[in-house]
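To start, the structure itself, in C-alpha cells.
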Amino acid sequence: MLPSLSQVIAEKKAGQPPTHGQGAMSHGTPDTSQPKIETRHLNFYYGQRQALFDISIQVPQRNVTALIGPSGCGKSTFLRTLNRMNDIVDGARVEGLVQLDGTDIYRPNIDVVSLRKRVGMVFQKSNPFPKSVFDNVAFGPRIAGLTDRKKLGEIVESCLKRAALWEEVSHRLKDSALALSGGQQQRLCIARALATDPEVLLMDEPASALDPASTARVEDLIFELRRNYTIVIVTHNMQQAARVSEFTAFFFQGRLIEMDRTDQLFTKPKEKETEDYITGRFG
Amino acid sequence: MNETAFSTDPQLAARHRWGRMFEWACAIATWLCLLILATMLLGVFIKGWPHLNWGFLTHFDSQIEPETAGIKAGLWGSFWLIVLTALFAIPVGIGAAVYLEEYAKANWVTRLIQLNILNLAGVPSVVYGILGVTVFGHMFGLFGDWPREPVWHLPFGDKVLTGALTLSLLILPVVIISTQEALRSIPASLRHSSLALGATQWQTIRYQVLPASLPGILTGIILALSRAVGESAPLIMIGALTYVSSTPGNIGSVTDFFTKPQGIVEAPFDRFTAMPLVIYNWASQPDEIYQSLSAAGIVVLLLVLLLMNTTAVIIRQRFQNWIRW
Amino acid sequence: MSNTPDSESRATGARLTSATLSPAERPSLQKRWSLTTLKEQCIRLVLFCCALLSVATTAGIILVLFSETLLFFSQVSVLSFFGDTVWQPQSQDNPRFGIWPLACGTFLVAGIAGLIGMPLGLLSALYLSEYASERSRSYLKPTLEVLAGIPSIVYGYFALVFLTPYVLQPIFMNALGFEVGGFNVLSAGIVVGIMIVPTISSLSEDVLRSVPRGLREAGLALGSTKFDVSVRIVLPAALSGIMAAFLLALSRAVGETMAVTIAAGSQPDLSLNVLRSIETMTAYIVMVSLGEAAAGSIEYRSLYVVAMSLFLITLVMNIIARFILRRYRNVYQ
C-alpha cells in the first residue's frame, strides 16, 4: 500500500533540515514574495485546438512547484510555454502574458536562445546526446563559447556533483552516455541542464520512466536543488508532488483549477475537482 | 500440410496444390534474377580474365597494340570526376536536405521544392546530359559558338569540370532524398534537449543532428557517387572522349600529386575519358580482343563499385554500434 | 553568444551565481544584434539556396529544352514531327523528322522490359514479403538490389556479347530459322527488364508489407489458404501501389540509355520485329552526341526535341505514379 498523502507530507516536514524549513516558511503564500515566473490570462492553441485556457499563475522564487493533473490536462504544454519550447511546433500560438522576473518572454524582441539558457529543462524520457558523459555536460558551456579545457572540467565536475552523479561516473567520463543506466541518464540530463547555469529548471515528469530506487535519488536531488533554483515539475504522481514540492497547481482540461501550498492542497482542497482527483475518483 | 488431416475435400486439395505451385513460381522468379546476376558477373569475369593484370591498370588505351591496352586514362578520369562531383554534390545536397528537414515550414514553397526533387530523381540521365552540355559545356553560347578556344577556361567545353558538374546535378536528388531520410531518423528529443540547453538552431544541427545522422548520410552519398561512377550517357553528351592517352593534369600515379602539384589545378580543365566510356568504346569495336578488353574494364569498374559499397556498409555498421536510440 | 570574461567567470560553476544575482545583474533577454544572430540568418539563407538549386535545375532543363524545341519547330512543322513515319535527320537532300520510329523503338524496348521485369519483380516481391523467412529475406533482398547498382553499360555488354550470340541466336536462328541481328531489340528489352526488377520488387514489397496484418489474418481465419490470401486479398489490396511501382519502373526503362544503345543499335525503323536493330530516343541522342553535328544545325536541334519528348513522357509517368502511391499510402497509413 502507498502511504497516504498526509503521511507523506508529515514525514517530509519532519525530515526537513531546520534551515530549509525556515527558508520555505519565509515565502509564506505564493503571493507574498516577488514571483520568479508569472503568467496572466495565458491561452495556448495548437492550430485550431485550444490547449490552455486563461491560466494565471505565480511561481515563487527558489522553490519547487508541482503541476499535477490527469494526462492530457495541459500541464506539459504549460511547462513548455515557460521556455518557449512550443515555438518549434508548427501552428502553436500563445495569447496572454508570460513573465520571467517581470519580463514578458513572448515579446517580439526576446532572444529565445538566452531565455532557454536561463530556463533549463529536463525531459520525461532521459535523452542524453549520443556522446561521452563529459561532452554531454560540457555541451551547454561549449556552445556558449567556452573552450578552456580546465574550466570545462571544473564545470562538468561541479554539475555532476550537484546532480549527485559524480561518485558514479567520475571514472568513466569518456564513456558513451548511452551506456549509463536509466536513472543515471536522467541525472546526467539534470547535470547537463545545470551546466548552462540556469535560474529556473523545468522538469517534465523526470522520474516517470525510472525504477523506484532511481526515482528516490532524483527526488532527493530535486529537493536539494531547490535551495538555489526555481523548479517547476510536472508529475502525474501525487505522492511525488507531495514529497518534493512546496506548492502544487492542479490542472484539469486545460484550466488551472487551484494552486496552493502542497500540504494545503492535498489536505484541504478548495475545489471539488481537486478533491475528486486527489482522492482518486478520476484521473 | 496440417489442414489436410481435417478434410478430404478434393477441392481444398487442389487449392493447396495451386498454392504450392504459386510459391514455387515466386521462389523461382527470385532465384532466376540472382542466377542471371551470377551469370552476368561470372561471364564478364571469365571473358576479361586474360587482361586482368597490373598492366591493365597502368597502360593507356592502344589501337595499334590492343594486347597491351589498359584503362589508365579511364581510371584517372573517373577518379577526378568523382572527386569533383563529390565536392559539389555533397555540400549542396546536405545543405538542401538540412534546409528541408530542419528549417523549412510546411508551406507551398517547401512542397514545391520537395515535389520537384522527387521528380528530378526520375529524369533520364540523357536529359541531364543535354542540360550539362548546354549550361556548362557551351554556356548558352554566351562565349561564341561552340566549338571555339575558351577564354580563361570559359566555357568549360568537354572538360572534366563539365562532366563533374553535370554528374553533380544528376546525383543531387539522390543525395538530398537519402540525407533527408537520415535526418528524419534522428529522434526529435535530441533536437529538443539541445534547444532547451540554449543552443541555437544551427548549433543544434551542427553539433547534434549532423553527427548523429552522419552514418546514414555517408551511406546515401556513397551509393549516389557509385551511381555517378557508372554513368556514361551524360558524359558522351558533353563530348567526353572515348579514346584518350593522357590523364587529367598529367597525374598518372599517386606520387605525381607531389611531383606535379600544378596538375591538381589543371586537371579540372583537362580533357578526359571515364571508365564506362572506355568500356563502351571497346564494346563497340568488332574485334574479339576488344570484347575481352571491355570485359576486363567492366571487372575493374565493378571492383571500384564494390569497394565503395563495402565502405558504405562498414561505415554504417561501425557507427551503428555506437549510436543506439 | 558573446564570449565576455564575465559570462565565462559565471559559467565556471565554481559558485552558484545566477540564482543569487539581483535582477539588474541578470543576463538580459533582449534580442541583441550580434554576430551569432547574423550567422544564423546567413546559414539559413545559404541552405535555402541549396534547396532552391534543385528548382533551378528543373527550370534549367525546361528552359534549355523548350527554347531549342521552339527553334526546331520553326524549321520543321509540328505536323510532320507527329505525322511523318520516317526519321532521317542526317540526310542532306531530304531530312525527315517523324518521331514515330524512335518512339516505336523506345516503347518496344520498354514493352519487352515490362513483360520480363514486371512478372519477375512482382513474383519476387511476393516471395520476399509473403513466403521467404526473415533470415533468407535479409540476404535475398540486398542481393537483388545489387542488380540496380550495376551500371547499365554492363547490361548492354551482357546483351551484346552473351545474350544475343549464346541464347537468342541459337534459339531463334538455329532452331526456329528467324534472322537475328547482332543488334536486336529483344536482347535490349530483356536486359532492361532485368535491370528494372529491383525497382519493381522493392517498391512492391514495401507496398505489400504495408497491407495491414489484420486483413491477412481475417482471410486465414475464414479458411483461406496462404495462396488465397496472397492472391485474392493482399494483391488486390496492394494493386494500386503495385501499378505505381510498374509505372516508375517503366519510366526508368523508357529513359534507359547505354544498355539500349549498345544492344539495340541505331537503325531508326518503324517496325515491330524484335529480332532486328532499332533506335530508341535515348540511343539517338547518344549517337548524335558522338557524331559531328554542329551546334545550331537542325540535326543538333533535333536532339533537344527528342530529349524534350523523353522528359515529358517520363515526367508524366512519374507524376502519375507518385500520385497513385500517395493515395495508396493515405488508405493504409
Single unsatisfied condition, C:N94 versus (1) in a helix (DSSP H, G or I); (2) surrounded by fewer than 21 Cβ atoms within 10 Å (Cβ to Cβ): (1)
Count - residues of the range A:77-92 that are open to solvent by 10 Å² or more (accessible area, probe 1.4 Å) and either within 11 Å of chain C (Cβ to nearest Cβ) or at pLDDT below 90 (or both): 7
Failed item in (1) without any contact (Cβ under 8 Å) to a residue 40 or more places away in the chain; (2) within 11 Å of chain C (Cβ to nearest Cβ), with B:I176 passing the rest: (1)
Of all residues in the range B:64-82 being of a type in the set (A, V, I, L, M) and in contact (Cβ under 8 Å) with a residue 60 or more places away in the chain, the one that is farthest from B:I217 (Cα to Cα): B:A69
Selected residue [touching a residue at least 40 places away in the same chain (Cβ under 8 Å), under 23 Å from C:V146 (Cα atoms), open to solvent by 20 Å² or more (accessible area, probe 1.4 Å) and not β-branched (V, I, T)] from B:L223, B:L306, B:L210: B:L223
Hey, C:I262 among the aliphatic types (A, V, I, L, M), outside any helix (DSSP H, G or I) and under 18 Å from C:A188 (Cα atoms) or not: no
Unique match (being aliphatic (A, V, I, L, M), closer than 25 Å to A:F129 by Cα and without any contact (Cβ under 8 Å) to a residue 24 or more places away in the chain) among B:L183, B:L190, B:L112: B:L190
Filtered residues of the range C:34-48 (kept if open to solvent by 70 Å² or more (accessible area, probe 1.4 Å) and of a type in the set (V, I, T)): C:V46
Helices (runs of 4 or more DSSP H) within the range B:116-219 that include 1 or more residues β-branched (V, I, T) and at pLDDT 90 or above: B:125-132, B:160-184, B:201-204
Those residues of the range B:241-284 which are touching a Lys or Arg at 6+ places or on another chain (Cβ under 8 Å) and within 14 Å of another protein chain (Cβ to nearest Cβ), in sequence order: B:L241
Complete set of residues in the range B:59-80 that are at pLDDT below 85 and of a type in the set (V, I, T): B:I64, B:T68
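Identify, please: which residue in the range A:145-166 is open to solvent by less than 30 Å² (accessible area, probe 1.4 Å) and within 23 Å of the chain's Cα centre (by Cα) and is, among those, farthest from A:G182 (Cα to Cα)?
Selected residue: A:I155.
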The range B:18-55, subset over 30 Å from B:L75 (Cβ atoms) and open to solvent by 90 Å² or more (accessible area, probe 1.4 Å), residue nearest to the other protein chains (Cβ to nearest Cβ): B:W18
Residue match in the range C:83-91 (condition: without any contact (Cβ under 8 Å) to a residue 60 or more places away in the chain and open to solvent by less than 20 Å² (accessible area, probe 1.4 Å)): no
Residue in the range A:265-275 that is hydroxyl-bearing (S, T, Y) and in contact with a Pro (Cβ under 9 Å, 6 or more places away or on another chain) present: no
Residues being surrounded by fewer than 23 Cβ atoms within 10 Å (Cβ to Cβ) and either in contact with a Lys or Arg (Cβ under 8 Å, 6 or more places away or on another chain) or outside any loop (DSSP other than H, G, I, E, B) (or both) - total across the range C:284-300: 7
Some residue of the range C:170-184 being of a type in the set (V, I, T), in contact (Cβ under 8 Å) with a residue 12 or more places away in the chain and open to solvent by 10 Å² or more (accessible area, probe 1.4 Å): no
Any hit, the range B:178-186, residues being of a type in the set (G, A, S) and surrounded by fewer than 19 Cβ atoms within 10 Å (Cβ to Cβ): yes
Residue ID - nearest to the chain's Cα centre (by Cα), chosen from residues in the range A:167-197 that are within 14 Å of chain C (Cβ to nearest Cβ) and without any contact (Cβ under 8 Å) to a residue 60 or more places away in the chain: A:A191
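Here's the yes/no breakdown for (1) over 24 Å from B:G129 (Cα atoms); (2) of a type in the set (G, A, S); (3) part of a loop (DSSP other than H, G, I, E, B):
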| site | (1), (2), (3) |
| --- | --- |
| B:I236 | no, no, no |
| B:Y243 | no, no, yes |
| B:P286 | yes, no, yes |
| B:Q291 | yes, no, no |
| B:S294 | no, yes, no |
| B:L301 | no, no, no |
| B:L305 | no, no, no |
| B:R318 | yes, no, no |
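The values are calculated or read from the model by the stated rules, or taken from the named source; none is laboratory data. Just so it is clear, the structure is predicted and the values come from calculations on it, not from any experiment. Methodologically, a virtual Cβ is constructed for each residue, glycine included, from the backbone with ideal geometry; neighbour enumeration extends over all protein chains shown. The accessibility values were calculated without ligands, DNA or RNA, using every heavy atom of the protein model including side chains. Shrake-Rupley method; radii C 1.70, N 1.55, O 1.52, S 1.80 Å.
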